[in-house]
Structure formats: structure tokens, C-alpha cells
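**Student:** Take a look at this one; I'll ask things after.
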Amino acid sequence: MKAYNVINTRLPRVDGRAKATGDARYAADLSMPGMLYGAMLQSPLAHAKILNIDTSAAKRLPGVRDVVTWKEAGLVKYGVSPARYDEQVFCSDKVRYVGDEVAAVAAIDLETAMEAVSLIKVDYEELPVLLDIGSAMAEGAIAIHEDFPGNISAEVHQEFGNFEEALKECHIVRTDTFTNKRQDGGFLEPQACLARYDLNGNLTLWSSTQSVHYVQRSVAMVLGIPVGKVRVVKPYVGGGFGPKAAVNAMELAACLMSRRTGKPVKMVFSREQVFLHSRARHQFTHELTTGVKKDGTIFALRNVCHLDGGAYSSFGIATIYYAGSLLGAPYKLPNMKYDGYRIYTNKPTCGAQRGHGGVAARAGWEQQLDIIAAELGMDPVEFRLKNMMQTGDVTCNDFNMSSLGMKECLEGVRDGSNWGAKKGKLPKGKGIGVACGFFVSGAGYPIYRSETFHSTATIRLTEDGGGVNLYTASAEIGQGSDTILGQIAAEALGVSLDDVRVHSGDTDFGVDLGAYSSRQTLMSGHAVKMAAEDTKRKVLEALSEQLNVPVEEMDIARGVIVFKKDKPDFSRLRTLYIKEHRGWADQPSGAELTFREAARVAFITGGVIIGNGAYKPGELGGKYKGAAVGTSPAYGCSAQVVEVTVDEETGKVTIDAMTDAHDCGFAINRTNVEGQMQGSLSMGLGEALFEEVRFDEKGRVANASLGEYRIPTALDMPNVKTIIIESDEPNGPFGAKEVGEGAIMPTIPAILNAIYDAVGVRINELPITSERLFAAMKEKRKK
Amino acid sequence: MLLLPKFDYEEPKSLPEALAMLSELKGNGKVIAGGTDLLVNMKKGTVKPAFLVSLRKVEGLREIGGENGGLAIGSHATVSEIADSDRVGSMFPVLARSASCLGSPLIRNRATIGGNIVTARPAADLPPALIVLGAYVELKGKDANRTIPLDGFFTGPGTSVIESGEVLTRIILPSAPPFTGGDYIKIGHRAALEIAIAAAASRLTLDKPDGVIVDARVVLSAVAPTAIHAASAEKALIGQRPSEELFAKAAALAEGDCSPITDMRGGAEYRRDMVNTLVKRTLLKAFNDARDMKGGNA
Ligand SMILES: Cc1cc2nc3c(=O)[nH]c(=O)nc-3n(C[C@H](O)[C@H](O)[C@H](O)COP(=O)(O)OP(=O)(O)OC[C@H]3O[C@@H](n4cnc5c(N)ncnc54)[C@H](O)[C@@H]3O)c2cc1C
């Protein structure tokens, strides 16, 4: 492999110091002189007609500066997919879930704003409440959205190959049903924002978001402000995992009230509001029928999926496509048939969450593959290896595996966990399980139809040559993109990471679709690399004129100019630089011409040196309906082995060890790659064992706190053995592709398979609480 | 948004000063120790004290010291101090074990033993262990003091016999007879930050290492409105020679002693099943420790 100076290292994060010391400022830390505090009135009912809204008492409360409802906000529909704009800032005719936004108040302090909210009187006429798929799809059920009778928010029907025909060639055919539970994003930082509409009619919104670009467009569209006058800035963000990837009603309300009052307006979600806003993982129910030939060839798959969508669409249209398209690979599966239905219910809206759409399907299928392997008498690892795709293979739904280190991943975890010595040989109560998975490395298309670049980047050198400023609208949300993009810029330009200042998360810095679908490293990385190469070229061209050395004979590395042939006499340039900086402490010295001197020359001869980069994916596969969801310039993949202990008298599962291998193409920062692997595993472990958003019979979230909604604690995480596989992705910058989401795919099924190995029961419903597992074991004993 | 309501805050320098203050405040004042229960409840609006009285400047309330061959623990000793105390660990390992499964390391650094008792949660971790150890609580008021058994202190979820002007000052653990052992086990979902789905504490005293059971205490928590004795299990154990069959019988009887409900943390049936498992396991450990005298006092 090529030797690099900055990338493929373990450099510390550029935001590490600020975060470790508390110096980093998040949206909730922001404040401004004269700032107002906003609060929202949200529906206490899951489904009701709004008969009347009386805001008079709230308006009279001293300290209140603005009270807004749909009358002030208007009736513009918005959402995520333009084909399904089904939300308004505030409800006008009816409310569709407990938490639906009805009104907002801005006041001089939060206490006053909250009191004013409690003074708004709404008359409701209650409607039948539909809390699950069954009642929402029932004959004669009331339509939650008038335009969608039957409450089907979206349906997908796809067939690749011929499922029915293929079954005839199969030796084993089995059908299993699998269901997960609605998850919460569980990020540590609740959404927060500060909106400021200035005297010239420019709006700036600081917000805890994964995508400044999508928020900017939505704010402009909904509030009718020219997009050029809307600037969205992302301060430090404490996690997103999907739910922060689109605009929310709070952001829109803050902008609206700032425009009306002329004052900055700040709003912050409580933890309960995070649960009400939701937009996290759906509940999926998959019925999976898999056909396998006698020799163990996986030959056919039929997947019927129902999604409990909640009250609005959000990312759900993409979710229902992903729930079908993310099966198949990484196995050579020639026949696949998919029917998916996303159903509206009177619950908070579900959307995207890490491993978007594919996690439950993967869990159910990888468990089923284990069952089939056992029926065939094959080792689960051998069975998977036999069916594995390789680099260059294309799936039946036209995903091009332009690099695929899947075999290396599986062999890596097999050997790294000492699988051979353990599988089938552990004492009762202890078990080992394996699973695989893959994921897109950036959505191939924007969420709205457009020819736009997905990422742009600009580099501007300081006039003294000493600093490299990188501007990108990408979103550092904790995953480490600022560090990765800084490293890419430094490597491509030939300087050190310390020389690069990363300015990100601001619509004034360019276009970037944001942090979702595991796209920042590949897509923003490309743009940054191009910008750095453009900058380098400009510096070298200027230098070439001065030194009479052809550009091709020069390079920049480690902060100095590399002369591939004879080193010219550059003393004139050095003298010039030293003279200009008389009295400065850090004059260039030594035998090499520094980047700083070269960049200074470039400035003097050509003005500010600016390099630009812009990326969008090339031609992608798939001409069928829905091909836009799942096609990607590259795919990451992973395998995991999990070892568990099951306490047979309590049902308690303890995860003893995890071995995880992920093919990220090329690790720009090895520590960051491992961090994403560990974080994915932790989230998968939580979904497998603990997490479930629960509702009471009126549709209220029953556990809207991190006390009763259980994400794993540090003490629940075992030590993880991480193995990085690098398959050198041709479509990625320096060969890099995703790790942020794909790594979660095998976690749940590996746990399920390990539990089966330990105690011989199969669980088809998450989470695998002690109680559920205990009941399953009890049931088995009875038989 | 849960906002902390406005309140006044006092830090009296002596106990008499504190008691006078509380008596004057009538019901409007509350003691704040670690605040891990109180502040949460104030944010939720379930308690609304106008004054909080902190005893952090009052000397002697954090001490863990010997008393008549047993131990006296100041009400303001933190749960982590108790979990980490060598003295507690060697004399009353059951208490140390229950302390080490309360909340999380961070919560344990703030939470106090006094707060855990007075708050009177049905699933609190320390009371079951303290009850099997035969703990007394020392309550001081402006005009009167009393020392009463913890067994009988609780009257329902969140309620106890403590009166509004009273302060819990010390928890007294009498020395245990020879050949005594005990155990505490809690079942939760996660490895930390769990309110018990079910928990049990047991203590057994034998007349001699290979003798019969002369005293048996089995206390269950999170399966009734307060921590309760598994009375029929206790009765079945006393006078008997310990064996796995005996413990299984006692465990089955304990199932009948509790009245669990189904809530978000767990179903009634599962809780009942867990009572069986926990009673069996704690008795076995108690017996082994009693026989080996490994458990010190209990
Ligand atoms: C995240 C979290 C996790 C938790 N996990 C657990 C758990 O696993 N197990 C468990 O048992 N509990 C748990 N708790 C509850 C709580 O931490 C404990 O009950 C703790 O011991 C309370 O002690 P404190 O010092 O914080 O009490 P405080 O909150 O200060 O007081 C609690 C009550 O006791 C009164 N009080 C306190 N001290 C005295 C005194 N000396 N005299 C008279 N009245 C007094 C107060 O007025 C108040 O009514 C948890 C709490 C949180 C926030």
C-alpha cells in the first residue's frame, strides 16, 4: 500500500480538546443579548379534530412576546421526500399523535414561555386512535391523512429474478417472522436551536442538526424566505444517528417567531420531546421465506415487511425501500421478491436511524440463515463463505460491489474469536454466534430530485502561507468528520493536520447534504481531496514560474516542496520571505523550501489562493422503480462474532466478548474507524437486549426518559476486538468508504445466534429481555 | 421541560440548629442529602418544599464506626463509601453488596444511605439488606429522639413512620450471632442504572456449622408495595437442617408471600419466578457463608 503521512494514522481528533474540557459549545449553550425563549404546545391527544384554539390568555401574560399557531405559520406542507410532504409547522385541522405541534410561544424567559403555553386553550373533538398496524389497516379504519385511505403511507413491490420459479430448485424452504421494536435515537444532546432574523432580513439558524443543507431549504420553503437569505449553522452536536437529518417544527417555530419579533429566539427540546419528535427506528415486521439448494446455495428470498410509521412520513419512504433492498448482498442471491408497506398510526413519526431500514431485516434473515445452516449440517461460517459475494459482483438489484472485503471480514472474526475451538464446544449456558452485513456508503441521490453536487469544499490559504482553511458544509456530529476531512485535506495538500483549520457545518461554506447514509467520508472526502489538489496545483504553478521548474517535477509533502529532480536555488524566495517577516519568531530555515514560502509566493503573484472541489456520484446502477434507494458509489461490509452467557434461571444475557471486522475500504483514521465500530455495536446491543419505546393505551409514550428507556451503559459493553479490513474502494477518496452504519448490521443476529448456541431457543421478537428469554426457555422445557 | 422550581436553601451548622429550623418550617422544609431522589421529584413537581435544609455542615453524620460489636453508620454516608468500606465489607457483606448495585458509580457518589431509607421506594436497594441485618434507625426531633427497628419503618410506597420535623441520624447494625451468613441479589435489565425488577436479601444463622437453622430472614423487594418478609419461607426454614431441597421449598413458598404487579419493568409472573430463583440463590450463599463463617457477621 502507498505510504501516507497524515492519513491511515491514529491522529487525535481535532475537536478532542474542546470536548474533553467542556470548551465545546453546543446549541443549548448559545445565547444572545435580548434573546427570547420559546416553548411549544403539543397535542395531549393521539388523534383529534381541532375545533378552536384560544391564545388570548397566553398573549396577555406579562413577558410574552409572541404566540403563534397555524394562522401565523401558514399551511405550507413540508417533509423529507417531496412526494410525501405531509407536515405543517402547526396543526390546523387535526392532531395525529401525542406531541403533534399546535402552537408556540416566545417570552422573556423559559418559565414565562411554559406558563403561557399552559394558558393556550384548545378545543378538541376526539377521533378513534390507531396505535398499531392491525387497527390502522382494518376495514373501515379512519384515515389519519385524508389523501391516504387505508393508512398506507407507502408501498413497494419489487422482484428480481423469479422467486416462485427459483423455489422449485430449492431443497430447503423456510418462513420465519421477525419483529423489532420502535427505537429512540438515544443521542445525548436533545435538539436545540437559536434563530436570529436580522434587520436586513437575513435569517441565521444555529441548530443541532445532521444536515444544514436540508434544514436551510426547508426553512426557506416553509417560511417563504429566499434561500439566499437563510443561513444554517451547526455548532458542536452531541450525536444524531438519523433523527436530526431533517428540519423539525421547533426550528421552524423559532425562525418564525424571530422574524415576527425581531429578536433572537432560542428553543430546546426536553428529553420527553426528543421521544415525541422521534424520527428514529421504525418497528419492522418481516416475514422472510428463504430457499436454499441442497449444496447450500442461497437461491431465493421473499420478504414481506410492514412498518409502523407513526403519524407522518419523514424519511419513511426511504426506509420502506431500504427494508427490502438491503437484503440480498453480501450473498450471491439471484432471486429476490419484496413487498413492503409503511402504515400510518397515531404515534410519533419514525424515520431514519443508523443502519437505515436494514437492521431488523438483517437480524431476522441472518438468524434464519443460521437455522438453515444447521438444517444442512453446515458450519454457519462455512455456509456464509460459500455464498459470499466478491469484489466486482453485482447484486440482483443492481448494487455494484466495487470493493468487498466480506470474505476477509468473516475469516477475520472466525480466526480472531477462535471460532473453531468454541463453536459447538462451549458448556451449556455459553454460546457463540456469527453474522454478516453490508451498507451503503452514501445515498446515491439527494433526498429531493436534483442535479446538485452532494458535497463541495473550498480551501483558502492564509496570505502568509502559514494556514490552510478548509470550508465545508459537512456535519461533524460526533462521528469525527472534521478530523477525517482535515486529514484528507492535509494529506492531499502535503501539509500536517495541525496546519489545517476545519470550518464546517455552515451553509455559507458550500453545499453538503450532511451526515446521513454514511456519506461524509466518501462524498465530502472526495470534494475536500479535489479542493486540496486544486490548491496544491495553484501553489506549484506559481512556484513553477518563479523557479523555472515544471509543475510535474514538484510535489508537496510534510510541509515542504519536493523537487523530484534537481533542487533549484530558491534563496531569492527565502530572502524575500524573511525580509517580509522581519522580527517574526518562526522564520523558515533549513535546506528545504517550505510550503509556507511557496504559498506566500503564490499569494504575491496571484492573490488569495483558493482551491475548489465538488463531488457527485457517477452513473449508478438500477433502472427499476425505487433504485434510487440503496444504490451507492460503494458498499461497506462487516462480520461479527459474539460470545454470550445466558443465566438459565433468570434469562439474563451477558455479552462476554465481541469480535468485529469491518471493511471500510481504507482507514483515514484508524482510531475513528474503531470508534464507529464500537459505537455501532453498542447501539446494536441496546436494540437487541433493552430498547423499546412503549406506549400506553392512549398513545402516550410511557417511557420517555433515559431512566426507563434503556440504552447500554459503559458497564454493559464487553471489550471489543476490532479488525479493520481495507479493500481499497475505487470510488472512494484514497480508497475509503463507510463504517458509520454498516457496522451495526451483524450485531443483533450475532447475539441471537449466540443465544441459540447457548440455550437452544430462537427469539423472533426484540428486545431479548431477561423476561422474554426466560419465558421462551420455560416454554421449551414444557414441550 | 423539567425545570427545578425556586426554593430557599439553608446549611445549619449543628443538629440542634437544623432541628429547630425544620420544626419552625413545619411541613415547608425538607432535608436534602444527596438530592438524587429529592431533586428529581421536585422537577417532576411531586414534592414542592419551599425550603431545603442541608446537613452537610453538621459534623459526624458521615461516620462509619463500631458500636457494641456491631456498626453505626451516619445517615449521610454515601452509598459508594458504604460499598467501598472495608469495615462494612468484612462485617456485613450483604450491605456492601446491596450498596454496590445501587444506581451507577456516579449516583453512588452522591446518594446517601439515609436518603435511600427515608425516600421509601418499594424497590430501594439498601432496605432489604438492612432489614435482614436487623438494623435500627435513630430519629432525632427538636424535642425527642427515638431508635426504632427498620423493620416496620415503611408504611407504603414513599411513606414511613418518620415525622416531618425528624432527622434520620444513624443506622445501627447489631452484631450478628456466630454461624451467620447472608446475600443480596437484584435483577435488573442493565449492568447499572437499574431499578430492581425483583430483589431478595436473605440471612441464615445456624446453631453450629453442620447444625440446624435457628434464625432465618428473607426479605423481598419490588414485588410488593414495600420491602416484605417472605414469612412462610422464613417459618419453613427455622429449625430445619439446611439443604438444597429445603431452600427450593422455601423459594416456592416465597412466591406465595409476594404480590408482584405487572409494570414497565417486568411482568407479575416473571417477578414471581424470579423471587423463586433469588430466594434459592441467596439462601444457598447465606448457608455456605454461615457454615464457613466466611461472611463475618452476615
Ligand atoms: C439515575 C438514578 C438511579 C437510581 N438508582 C437507584 C437504585 O438502583 N437503587 C435505589 O435504591 N435507588 C436508586 N436511585 C434513587 C436514589 O439515588 C437513592 O434512593 C438514594 O439513596 C437517595 O439518597 P439521597 O441522599 O440522594 O437522598 P435525597 O434525594 O437527598 O433525599 C431523599 C428523601 O429523603 C429525605 N432525607 C434524606 N436524608 C434524610 C435524613 N437524614 N433525615 C430525614 N430525611 C432525609 C429527603 O428529604 C427526601 O425526601 C436512583 C436515582 C437516580 C437519579
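**Student:** In contact with a strand residue (DSSP E or B) (Cβ under 8 Å, 6 or more places away or on another chain) and surrounded by fewer than 24 Cβ atoms within 10 Å (Cβ to Cβ), is that true of residue A:366?
**Tutor:** Spelling it out, it is not the case that residue A:366 is in contact with a strand residue (DSSP E or B) (Cβ under 8 Å, 6 or more places away or on another chain) and surrounded by fewer than 24 Cβ atoms within 10 Å (Cβ to Cβ).
**Student:** Which condition number does residue A:152 fail, the rest of (1) touching a residue at least 24 places away in the same chain (Cβ under 8 Å); (2) surrounded by fewer than 21 Cβ atoms within 10 Å (Cβ to Cβ); (3) within 14 Å of chain B (Cβ to nearest Cβ) being met?
**Tutor:** (3)
**Student:** For segment A:463-475, state whether one or more residues are in contact (Cβ under 8 Å) with a residue 12 or more places away in the chain and under 15 Å from the mean Cα position of the chain (by Cα).
**Tutor:** At the first step, the residues of segment A:463-475 found to be in contact (Cβ under 8 Å) with a residue 12 or more places away in the chain are A:463-475.
Next, only the ones that are under 15 Å from the mean Cα position of the chain (by Cα) stay: A:474-475.
Scanning segment A:463-475, I find at least one residue that is in contact (Cβ under 8 Å) with a residue 12 or more places away in the chain and under 15 Å from the mean Cα position of the chain (by Cα), so the answer is yes.
**Student:** Going by what's in this entry, would residue B:137 be described as more than 18 Å from residue B:220 (Cβ to Cβ), within 11 Å of the ligand (Cβ to nearest atom) and not in a loop (DSSP other than H, G, I, E, B)?
**Tutor:** yes
**Student:** Picking from A:768, A:763, which residue would you name as being within 14 Å of another protein chain (Cβ to nearest Cβ), part of a loop (DSSP other than H, G, I, E, B), within 30 Å of residue A:129 (Cβ to Cβ) and aliphatic (A, V, I, L, M)?
**Tutor:** Being within 14 Å of another protein chain (Cβ to nearest Cβ), part of a loop (DSSP other than H, G, I, E, B), within 30 Å of residue A:129 (Cβ to Cβ) and aliphatic (A, V, I, L, M) holds for just one of A:768, A:763, which is A:768.
**Student:** Find the residue count for segment A:716-740, including only residues that are in a helix (DSSP H, G or I) and at the interface with chain B (Cβ under 10 Å from one of its Cβ atoms).
**Tutor:** Final tally of qualifying residues: 1.
To keep it simple, each residue is scored yes or no on (1) surrounded by fewer than 24 Cβ atoms within 10 Å (Cβ to Cβ); (2) of a type in the set (Lys, Arg); (3) touching a Cys at 6+ places or on another chain (Cβ under 9 Å); (4) part of a strand (DSSP E or B).
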residue	(1), (2), (3), (4)
A:305	no, no, no, yes
A:309	no, no, yes, yes
A:327	no, no, no, no
A:337	yes, yes, no, yes
A:340	no, no, yes, yes
A:352	no, no, no, no
A:374	yes, no, no, no
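**Student:** Which of (1) within 13 Å of the ligand (Cβ to nearest atom); (2) outside any helix (DSSP H, G or I); (3) of a type outside the set (Phe, Trp, Tyr); (4) surrounded by fewer than 23 Cβ atoms within 10 Å (Cβ to Cβ) does residue B:142 not meet, given it meets every other one?
**Tutor:** It fails just one condition, (1).
**Student:** What is the one condition in (1) more than 28 Å from residue B:195 (Cβ to Cβ); (2) surrounded by fewer than 17 Cβ atoms within 10 Å (Cβ to Cβ); (3) not assigned by TED's automatic domain parsing to the domain that holds residue B:125 that residue B:18 does not satisfy?
**Tutor:** Answer for residue B:18: the failing condition is (2).
**Student:** Tell me, yes or no, whether segment A:391-410 has at least one residue that is surrounded by fewer than 20 Cβ atoms within 10 Å (Cβ to Cβ) and hydroxyl-bearing (Ser, Thr, Tyr).
**Tutor:** yes
**Student:** Let me ask something additional. Of the residues B:164, B:160, which is modelled with pLDDT of 95 or more and within 13 Å of the ligand (Cβ to nearest atom)?
**Tutor:** Going through B:164, B:160 in turn, just one is modelled with pLDDT of 95 or more and within 13 Å of the ligand (Cβ to nearest atom): B:160.
**Student:** Another question about this same structure. Do any residues in segment A:676-703 that are within 12 Å of chain B (Cβ to nearest Cβ) and more than 30 Å from residue A:724 (Cα to Cα) have Cβ atoms under 8 Å from those of residues that are part of a loop (DSSP other than H, G, I, E, B) and of a type in the set (Lys, Arg), where the two are at least six apart or on different chains, and which pairs are they?
**Tutor:** Close Cβ pairs satisfying both conditions: A:692/A:181; A:692/A:182; A:693/A:181; A:693/A:182; A:695/A:347; A:701/A:694; A:702/A:694; A:703/A:694.
**Student:** Still on this structure, I have one more. Counting only residues that are more than 14 Å from chain A (Cβ to nearest Cβ) and surrounded by fewer than 23 Cβ atoms within 10 Å (Cβ to Cβ), how many does segment B:181-199 have?
**Tutor:** Number satisfying all stated conditions: 0.
**Student:** While we're on this one: Spot the failing condition for residue B:116; the list is (1) near the ligand (Cβ under 9 Å from one of its atoms); (2) touching a Lys or Arg at 6+ places or on another chain (Cβ under 9 Å), and only one is missed.
**Tutor:** Exception for residue B:116: condition (2).
**Student:** While we're on this one: When you go through A:665, A:686, A:699, A:679 one by one, which is the residue that is outside the structural domain of residue A:520 (by TED's automatic domain parsing) and either in contact with a Pro (Cβ under 7 Å, 6 or more places away or on another chain) or aromatic (Phe, Trp, Tyr) (or both)?
**Tutor:** A:686
**Student:** Out of the residues in segment A:115-148 that are within 14 Å of chain B (Cβ to nearest Cβ) and crowded, with 17+ Cβ neighbours inside 10 Å, which is nearest to residue A:48 (Cα to Cα)? Lay out the reasoning, then the answer.
**Tutor:** First pass over segment A:115-148, keeping only residues within 14 Å of chain B (Cβ to nearest Cβ): A:115-118.
Right, trim to crowded, with 17+ Cβ neighbours inside 10 Å and you get A:115-117.
Details: A:115: 24, A:116: 22, A:117: 19 Å.
Taking the candidates together, the pick is A:117.
Conditions tested, residue by residue: (1) farther than 22 Å from residue A:634 by Cα; (2) not in a loop (DSSP other than H, G, I, E, B).
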{"residue": "A:428", "(1), (2)": "yes, no"}
{"residue": "A:463", "(1), (2)": "yes, no"}
{"residue": "A:488", "(1), (2)": "no, yes"}
{"residue": "A:498", "(1), (2)": "yes, yes"}
{"residue": "A:515", "(1), (2)": "no, no"}
{"residue": "A:523", "(1), (2)": "no, yes"}
{"residue": "A:534", "(1), (2)": "yes, yes"}
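Here's the yes/no breakdown for (1) in the same structural domain as residue A:533 (by TED's automatic domain parsing); (2) farther than 14 Å from residue A:467 by Cα; (3) part of a loop (DSSP other than H, G, I, E, B); (4) modelled with pLDDT of 95 or more:
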residue: A:565; (1), (2), (3), (4): yes, yes, yes, yes
residue: A:569; (1), (2), (3), (4): yes, yes, yes, yes
residue: A:573; (1), (2), (3), (4): yes, yes, no, yes
residue: A:576; (1), (2), (3), (4): yes, yes, no, no
residue: A:585; (1), (2), (3), (4): yes, yes, yes, no
residue: A:591; (1), (2), (3), (4): yes, yes, yes, yes
residue: A:596; (1), (2), (3), (4): yes, no, no, yes
residue: A:599; (1), (2), (3), (4): yes, no, no, yes
residue: A:602; (1), (2), (3), (4): yes, no, no, yes
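**Student:** Go through the residues of segment A:744-759 one by one and say whether even a single one is at pLDDT 95 or above, within 28 Å of residue A:356 (Cβ to Cβ) and within 14 Å of chain B (Cβ to nearest Cβ).
**Tutor:** No, that holds for no residue.
**Student:** Which of the following residues is closer than 24 Å to residue A:434 by Cα, more than 14 Å from chain B (Cβ to nearest Cβ) and among the hydroxyl-bearing types (Ser, Thr, Tyr): A:713, A:654, A:659?
**Tutor:** Only one candidate qualifies: A:659.
The values are calculated or read from the model by the stated rules, or taken from the named source; none is laboratory data. Computed from a predicted model, the values in this text were never measured in an experiment. Using ideal geometry, Cβ is built from the backbone for each residue, glycine included, and neighbour counts are taken over all protein chains shown.
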